[in-house]
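Have a look at the structure below, then the notes.
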Amino acid sequence: MRILSVSLITAAVSILTLHVPSLPAEQSGGPIDLPAGTRAVLQAKGDGVQIYMCTDAHDGFKWLLKAPDAKLLDASGKEIGSHFAGPTWKLIDGSQVQGELIASKPAPEAGSVAWLLLHAKAGTATGSLAGIEFIRRTETHGGVAPASGCQNSADAGKTARVPYTATYTFYTER
């Protein structure tokens, strides 16, 4: 039974991937534009939290991003994977990829985390995500570190979990 369910999950991800290439590559009009010759192969909504830790920086106490913790959802709202520290995206079939930041730009919506372009970290892409070259985060809502609660040594080590959503699009080079 377990082999059958894994096969069904793999088939579902394959079907999802086959339907996504028809997505137009969204243009961002800035530093997170994709290189020529890329195509979208998977798009998922990230729905979760950005986790911040209050840390003593050289210029005072600040909230620093520790990690995201989000579910990845397909267009119908079905969970297809997760997004966590690394940054890493992992599908329910076990496929995964880690990203390295290339560029960012401020989100158009106040209080929302930046839009990002990441390159797949060499040697980290496996399974159905093995061909991924780029990951782009857009359409962010929320997720910015709190404006207060991290002022002095009494706050050091505190964490804040800030809700956010985003669109993650995965690209290959043609």
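The values are calculated or read from the model by the stated rules, or taken from the named source; none is laboratory data. The structure presented is a predicted model; accordingly, all values stated were derived computationally and were not measured. Neighbour counts are summed over all protein chains in view; Cβ atoms, including those assigned to glycine, are modelled from backbone coordinates with ideal geometry.
Report, by residue number, each residue of region 42-72 that is crowded, with 18+ Cβ neighbours inside 10 Å and touching a Gly at 6+ places or on another chain (Cβ under 6 Å). Of everything in region 42-72, those that are crowded, with 18+ Cβ neighbours inside 10 Å and touching a Gly at 6+ places or on another chain (Cβ under 6 Å) turn out to be 50, 70, 72. Taken together, the residues in region 61-97 that are in contact (Cβ under 8 Å) with a residue 60 or more places away in the chain and either more than 22 Å from residue 142 (Cβ to Cβ) or of a type in the set (Phe, Trp, Tyr) (or both) amount to 8.
Checked against (1) assigned to a loop (DSSP other than H, G, I, E, B); (2) within 28 Å of residue 157 (Cβ to Cβ), residue 110 meets all criteria but (2). Each residue in region 59-101 was checked for being basic (Lys, Arg) and in a loop (DSSP other than H, G, I, E, B), and 1 pass. Can you confirm whether residue 116 is within 11 Å of the chain's Cα centre (by Cα) and crowded, with 17+ Cβ neighbours inside 10 Å? So residue 116 passes the test. Condition check for residue 27 on (1) at pLDDT 95 or above; (2) among the polar types (S, T, N, Q); (3) more than 19 Å from residue 132 (Cβ to Cβ): one failure, at (1). Total residues in region 115-130 satisfying the condition of being farther than 20 Å from residue 73 by Cα and assigned to a loop (DSSP other than H, G, I, E, B): the figure is 4. When you look at residue 146, is it in a strand (DSSP E or B) and surrounded by fewer than 17 Cβ atoms within 10 Å (Cβ to Cβ), yes or no? So residue 146 does not fit the description; no. Of 137, 174, all but one fail to be within 16 Å of residue 46 (Cβ to Cβ) and either of a type in the set (D, E, K, R) or modelled with pLDDT under 95 (or both); the exception is 137.
Of all the residues in region 94-106, those that are surrounded by 21 or more Cβ atoms within 10 Å (Cβ to Cβ) and either modelled with pLDDT under 95 or out of contact with any Lys or Arg (no Cβ under 7 Å at 6 or more places or on another chain) (or both) number 1. Looking for something within 30 Å of residue 150 (Cα to Cα) and either at pLDDT below 95 or assigned to a helix (DSSP H, G or I) (or both) - is there at least one such residue anywhere in region 38-56? So far as region 38-56 goes, yes, one or more of its residues are within 30 Å of residue 150 (Cα to Cα) and either at pLDDT below 95 or assigned to a helix (DSSP H, G or I) (or both).
Determine if region 144-153 includes at least one residue that is at pLDDT 95 or above and under 16 Å from the mean Cα position of the chain (by Cα). There is at least one residue in region 144-153 that is at pLDDT 95 or above and under 16 Å from the mean Cα position of the chain (by Cα).
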